[in-house]
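Reading through the structure tokens given below for one structure.
Read-outs: derived from the displayed coordinates by stated rules, not from any lab. These numbers come from a predicted model, not from an experiment. Cβ placement follows ideal geometry from the backbone for every residue including glycine, while neighbour counts extend to all protein chains displayed.
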Amino acid sequence: MTVTLAIPTMLAQLTGAKRVTVDADTVGGALRALIARHPELQVHVFDETGALRTHLRLFHNEDTAHSLDEGVADGDTVTILQAVSGGAGESG
């Protein structure tokens, strides 16, 4: 199946594009195909145990992807979102 990955700006700096098309049957397969093409993403997507990093959220089309084993169909989109934290903090 041809699946499009929508990639956040911070990771797109490594892929050279905010959208990448891969062949995959599952959400996890799409991520693995992306990493096969761009190995430098491995440390940003998966931790040392192989689990998805906790600050990432995945969406399959417009719904939360609940599992890396979730199946995808031809033309689907998997969106990677990164949680962002921080800010100005307390002021004086």
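Using DSSP to call loops (not H, G, I, E or B), can you name the trypsin sites (Lys or Arg not before Pro) in the stretch 1-75 whose Cβ has at most 13 other Cβ atoms within 10 angstrom?
Sites meeting the loop and neighbour criteria: K18, R53.
Between (i) 25, 14, 13; (ii) 32, 13, 11; (iii) 43, 34, 8, which entry matches semi-axes √(5λ) of the Cα gyration tensor in Å as derived from the coordinates of this structure?
(i)
Order by neighbour count: M10, M1, fewest other Cβ atoms within 10 Å first, most last.
Final ranking by Cβ density, sparse to dense: M10, M1.
Report the gain in length on full extension from D25 to V84: 0.36 nm times residue separation, minus Cα-Cα distance, nm rounded to one decimal.
Roughly 18.3 nm would be gained on extension.
When the Karplus curve 6.51 cos²θ - 1.76 cosθ + 1.60 is applied with θ = phi - 60°, which whole-Hz ³J(HN,Hα) does each residue of the stretch 34-44 get, with x for Gly and Pro?
4, 5, 4, 7, 9, x, 5, 6, 3, 5, 8
Antiparallel as a % of all DSSP beta bridges within the chain, to the nearest 5?
Restricted to the chain, the bridges split so that about 80 percent are antiparallel.
Can you work out ³J(HN,Hα) from phi for every residue in the stretch 48-54, in order, using Karplus 6.51 cos²θ - 1.76 cosθ + 1.60 and θ = phi - 60°, giving whole Hz and x for Gly and Pro?
Computed from phi, the couplings for the stretch 48-54 are 5, 8, x, 7, 4, 4, 5 Hz.
Rounded to the nearest 0.05, what FRET efficiency do A17 and T49 have when you use their Cβ-Cβ distance and R0 = 30 Å?
It comes to 0.55.
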